[in-house]
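Colleague: One structure follows; several queries about it will come next.
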Amino acid sequence: MGETENHQHHHPPPPQVVAPPAAPPPNFALSRGPTWTPAEQLHQLQYCIHSNPSWPQALLLAFQHFIVNLGTTVLIASTMVPRMGGNHGDKARVIQVLLFMSGINTLLQTLIGSRLPTVMGVSFAYTLPLLSIINDYTDEAFGTEHDRFVRSIRTIQGSLIVASFVNIILGYSRAWGELTRFFTPIVMVPVVCLVGLGLFARGFPLLGNCVEIGLPMLILLIISQQARKYLKRVHSRAHLILERFALLICIGIVWAFAAILTVSGAYNNVKTATKLSCRTDRSYLMSSAPWIKIPYPFQWGTPIFRASHVFGMIGAALVSSAESTATFFAAARLSGATAPPAHVLSRSIGLQGIGMLLEGLFGSLVGTTASVENVGLLGLTHIGSRRVVQISTGFMIFFSIFGKFGAFFASIPLPIFAAIYCILLGIVAACGITFIQFANSNSMRNIYVLGVSLFLGLSIPQYFVMNTTGDGHGPVRTNAGWFNSILNTFFSSPATVATVVGTVLDNTLEAKQVDDRGIPWWKPFQHSKGDARTEEFYSYPLRINEYIPTRFL
């Protein structure tokens, strides 16, 4: 068949052009600047744990550590001694003993304990057991109030001696170190945060007792210490001096200001509480402190052992151990060391128990724990030198023996110390947040653990504090007094509650990946041979390792 003119030629359809895949949306996060990899050590420090500033600077920095520790010592003595029936002379002697034991225990810890630059200061964990002892003797008949004070402190001695063996056994049996193996970076965030935040009552609430002194101290310290940020034209040498010694300079200025207000009569017609907080002549320590007094064992008399009070002290000893452990991790970060391994934590808690035994023998008012305020000072000055803290023990022991000189500095109004704590405790709390960099902060499971641990760590102790009477009776009130003392003391500590809640949740809630919890980063630091730097930071000095059984190293 031939073609006709109407015949249509059938051409194949044109190939369809496939559109290229759409480009992914731009990642705006990448345009916001560089990202920072996790840092096991803080590199902004000017001197780390085993590097040392010049001797003149080291002496001044050590004196700052002494002043910071002195504030808490005076606070607890001023709060408890009058309730025990003690007079101004008794308060001065108690402060001397507390300073002396702080010096001895700090020296021991930095030499053969944690080896971290941590000052061992008085612990408020012992407040409830103290109140229980005070309450027991309130209704008894004594010849004088001084007799009641001596009887109370002898009972405290006996309780400290017995309770010390709990820490000694937990530490040197390695049990405490084994417990810390359940910790992860997720646990350390709320624990270290709350060892700082949990002491908020020592900050602005105490500062508010004398705002006209405390607030200028707070503002002046922030501006002077951060002079380079606020005052752009500060000379580099002046900035260095202010960064390291602003605390001493500000204390001198505000203390002089408080003395001028006192002499001018500004506080002549105010409430008694205001006079105690604001005036520089209301501590009565200069007039009552002895010129020379060397603390010695059993200076108050033979210790009194009463089972009902021993259990409260055992609870306080456990709480102080938990708080010390959290503080050691913060100290390691702020001194340029790696995280302390389990065996170091064990021996430090065991040594803390030995220190508690010595405190009981010497007649101390409370046991000691790693001072959170002094660890914050490491971050404030950017100097984490171990030698500086060891030198500070010389100031503690010297001023504890020569009472008049120590009393001079102990008369600094407490709102000045409160202003300092507002900054130092905040630094430690923020240091805890840095541990999240080693875990997955985008994991909802981790967010849950962090949130619940932080909230309950603050909320539960606040409930116990609000429901504790003035004589030390907490919300747990069963027929077993020893049981009440332990639980009321235990759950009044934010760091301890966060430790329990965080550890239980983190070790029972399954994680999708091991990396989420930060285990790969954490594990090497738990063993003595897990990281090459462990020996550098935590080994004993002077070849002591050769004379100690391997199981204790």
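The values are calculated or read from the model by the stated rules, or taken from the named source; none is laboratory data. What you see is a predicted model, and the numbers here were worked out from it, not measured in a lab. Cβ sites come from the backbone with ideal geometry, for glycine too, and all protein chains shown count toward neighbours. The protein model used for the area step is the full one, side chains on, heavy atoms only, and it has no ligands, DNA or RNA in it. Shrake-Rupley method; radii C 1.70, N 1.55, O 1.52, S 1.80 Å.
Colleague: DSSP loop (so not H, G, I, E, B), at most 13 other Cβ within 10 Å: list which chymotrypsin sites (Phe, Trp or Tyr not before Pro) in region 163-244 pass both filters.
Modeller: Details: sites: 165, 172, 176, 182, 183, 200, 230; in loops: 182, 183.
Filter output for region 163-244: 182.
Colleague: Hey, another quick one. Label-point separation (nm) for residue 404 and residue 447, each offset 7 Å from Cα along Cα-to-Cβ?
Modeller: 6.4 nm
Colleague: Kindly sort 284, 448 by accessible area of their heavy atoms, largest first, with the probe set to 1.4 Å.
Modeller: On the way: 284 90, 448 125 Å².
Ranked from most to least accessible, the order is 448, 284.
Colleague: Between region 305-324 and region 142-210, how far is it from one alpha carbon centroid to the other, in angstrom?
Modeller: 8 Å
Colleague: Further question on the same structure: Only loop residues by DSSP count here, and only those with at most 13 other Cβ atoms within 10 Å; note down the trypsin sites (Lys or Arg not before Pro) in region 266-362 that meet that.
Modeller: Values: sites: 271, 275, 279, 282, 293, 306, 333, 347; in loops: 271, 279, 282, 293, 306.
When the trypsin sites (Lys or Arg not before Pro) of region 266-362 are filtered for loop state and at most 13 Cβ neighbours within 10 Å, 271, 306 remain.
Colleague: ³J(HN,Hα) across region 43-58 via Karplus (A = 6.51, B = -1.76, C = 1.60, θ = phi - 60°), whole Hz, x for Gly/Pro?
Modeller: 8, 7, 5, 7, 9, 8, 4, 10, 10, 10, x, 4, 4, x, 5, 4
Colleague: Continuing with the same structure: Please state the shape class of region 412-553: rounded when a/c is under 1.5, otherwise prolate if a/b exceeds b/c and oblate if not, all from the C-alpha gyration tensor. Before the final figure, lay out the partial values.
Modeller: Details: a/c = 1.63, a/b = 1.34, b/c = 1.22.
Cα axes put region 412-553 in the prolate bin.
Colleague: Heads up, I need the accessible area for residue 460: 1.4 angstrom probe, whole protein in place, Å², nearest 10.
Modeller: 50 Å²
Colleague: Quick check: from the Cα gyration tensor, does region 55-536 come out rounded (a/c under 1.5), prolate or oblate? Each step should come with its number before you reach the end.
Modeller: Values: a/c = 1.56, a/b = 1.14, b/c = 1.37.
It comes out oblate by the Cα gyration axes.
Colleague: Starting at the first residue of region 419-435, write each ³J(HN,Hα) from the Karplus equation 6.51 cos²θ - 1.76 cosθ + 1.60 with θ = phi - 60°, in whole Hz, x for Gly and Pro.
Modeller: For region 419-435, the Karplus curve yields 4, 5, 5, 4, 8, 5, 5, x, 4, 5, 4, 5, 4, x, 4, 5, 5 Hz.
Colleague: Right, next: Sketch the reach of a paramagnetic label on residue 466 as a point 7 Å from Cα along Cα-to-Cβ, and name the residues of region 490-507 whose backbone nitrogen lies under 13 Å away.
Modeller: What the label zone holds, given the 13 Å backbone N cut-off, is no residue at all.
Colleague: Mind listing the phi-derived Karplus ³J(HN,Hα) values for region 262-273, rounded to whole Hz, using 6.51, -1.76 and 1.60 with θ = phi - 60°, and x for any glycine or proline?
Modeller: 5, 5, 6, x, 5, 10, 6, 10, 10, 5, 4, 4
Colleague: Please report the spacing between the Cα centers of region 271-298 and region 383-444 in Å, no decimals.
Modeller: Comparing the Cα centres of region 271-298 and region 383-444, I get a distance of 22 Å.
Colleague: Evaluate E = 1/(1 + (r/R0)^6) for residue 140 and residue 296, where r is the Cβ-Cβ distance and R0 equals 30 Å; express this FRET efficiency to the nearest 0.05. Mind dumping the intermediate values first?
Modeller: Working: r = 28 Å, r/R0 = 0.92.
Working from the Cβ atoms, E equals 0.65.
Colleague: Let me ask something additional. In region 88-193, which trypsin sites (Lys or Arg not before Pro) fall in coil by DSSP and have 15 or fewer other Cβ atoms within 10 Å? Walk me through the intermediate numbers first.
Modeller: Numbers: sites: 91, 93, 115, 148, 151, 154, 174, 181; in loops: 115, 174, 181.
Those satisfying the criteria are 181.
Colleague: Applying 1/(1 + (r/R0)^6) with R0 = 51 Å to the Cβ-Cβ distance of residue 482 and residue 236, what FRET efficiency is obtained, to the nearest 0.05? Each step should come with its number before you reach the end.
Modeller: On the way: r = 60 Å, r/R0 = 1.17.
Once rounded, the FRET efficiency stands at 0.30.
Colleague: Could you tell me how far the Cα centroid of region 31-96 sits from the Cα centroid of region 472-519, in Å?
Modeller: 27 Å
Colleague: So if we plug the beta-carbon distance of residue 508 and residue 178 into 1/(1 + (r/R0)^6) with R0 = 22 Å, what FRET efficiency do we get, rounded to 0.05? Spell out each step's value before the answer.
Modeller: Working: r = 18 Å, r/R0 = 0.81.
Working from the Cβ atoms, E equals 0.75.
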